[in-house]
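The structure under discussion appears below in the form of C-alpha cells.
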Amino acid sequence: MHRRTWNSSLREVEIKVSVKKVDDITQRLKRSGFILFQRRALEINQLYDTTDMRLRQSGCALRLRTYGSSSILTYKGPREDIPQVKAREEIEAKVSDAGAFHLILQRIGMHPTFAYEKYRATYIKGRMVAALDHTPIGDFLEIEGHRTTILHEARRLGFGPKDFIRESYIELFLKNHSGDMVFGVSSSEKKSGAVNATLHSMHASRKAKRKACGSQDS
C-alpha cells in the first residue's frame with residue numbers, strides 16, 4: 001500500500017483476502033472501528049524492469065502508481081518467509097511529474113512490463129490500513145499493519161488463515177490471463193500505456209516550447 005502517513009516503516013506487512021460481498025465487508029470494517037480515509041478512486045499502476053527482468057527474477061518490483069492528481073514510486077524487495085502474511089521491504093517516494101519520471105526510468109534502462117488497474121477505497125484504524133479493491137479479476141480486501149494486530153483484526157472480520165492470499169495481483173492475474181490487468185477496451189484511455197503516451201506528448205511539447213524560446217537544458 002502507499003499510505004505512510006501513519007506508518008513510517010519501510011516494511012510492508014499485510015493480509016489479502018477475496019471478497020464476495022463488498023457492502024457487507026464495508027459494514028464490518030465500520031463496525032470494527034475503521035473510518036474512511038480515501039473514497040473509492042481509480043489507481044493506474046505500471047511496473048518497470050530491465051530487459052532481462054532482473055527485478056522480477058530476484059523477487060523485487062518497481063512500480064509507478066497514479067491516482068487522481070498524485071503519483072508515487074514504490075520499490076518492493078523480496079518477500080520474507082513469515083507465516084500467514086505477506087511481508088517485504090517497501091520504499092516509497094512521491095512523484096510530481098509521472099510523465100517525466102516515466103521517461104527518466106526508460107532512459108536509465110527500465111522498461112514498462114505490466115500494467116494493472118484497480119478502484120480502491122482506503123480505511124484506517126489506529127496504525128492499521130484497510131483497502132477495498134475492485135479489480136478486473138474480482139474484489140479484495142488488504143489489511144496492513146503489525147503482524148499480530150492484522151491477524152487479530154482479520155479474525156474479527158471473519159477471516160482465517162485458509163482465506164489468506166499470498167500471491168500479488170500480477171500473479172493472480174497471470175494464472176488465467178495474459179497482457180495487462182486493465183478494465184476493458186472501452187476504458188483504454190485510462191490504460192497505463194495511454195496515460196504514459198499522453199504524458200510523454202505533454203513533456204515533449206513543453207520541451208519544444210522551451211527550445212523555441214531559446215532556453216538551454218541544465
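Rule-based calculations on the coordinates, nothing more; no lab input. Quick caveat: nothing in here was measured; it's all calculated off a predicted structure. Ideal geometry is used to build each Cβ from the backbone, glycine not excepted, and the neighbour counts take in all protein chains shown.
With 18 Å as the limit, write out which pairs from K20/K76; K20/K86; K20/K162; K21/K175; K30/K76; K21/K76 have Cα-Cα distances beyond it, or answer none. It would help to have the intermediate numbers written out before the result.
On the way: K20/K76 28 Å; K20/K86 21 Å; K20/K162 15 Å; K21/K175 23 Å; K30/K76 30 Å; K21/K76 30 Å.
The pairs that break the limit, which is 18 Å between Cα atoms, are K20/K76; K20/K86; K21/K175; K30/K76; K21/K76.
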Checklist entry - Could you give the nm distance between label points at D163 and I82, where each point is 7 Å from its Cα heading toward the beta carbon? => result 2.1
Checklist outcome for this item: Long-range alpha-carbon pairs in the stretch 11-182, meaning those over 26 Å apart, account in percent for 30
Checklist outcome for this item: Over all directions, the stretch 1-113 yields a Cα convex hull whose mean projected area in nm² is 8.7
Checklist outcome for this item: Residue-ordered couplings for the stretch 129-140, obtained by feeding phi - 60° into the Karplus form 6.51 cos²θ - 1.76 cosθ + 1.60 and rounding to whole Hz (Gly and Pro as x), are 10, 10, 10, 9, 10, 9, 10, x, 10, x, 10, 9
Item to check | Distance in nm between pseudo-label sites at H177 and F37 (7 Å out along the Cβ direction from Cα) | outcome: 2.6
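Give, rounded to the nearest 20 debye, the magnitude of the charge dipole that the stretch 1-104 has about its Cα centre when Lys and Arg contribute +1 at Cβ and Asp and Glu contribute -1 at Cβ.
Result for the stretch 1-104 is approximately 500 debye, rounded to the nearest 20.
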Next on the checklist: If I take every Cα pair under 8 Å that is 6 or more residues apart in the stretch 1-145, average their sequence separation and divide by the length, what percent do I get for the relative contact order?
Outcome noted: 33
Item to check | Length-normalised contact order for the stretch 36-80 - Cα pairs under 8 Å, 6+ apart - percent | outcome: 34
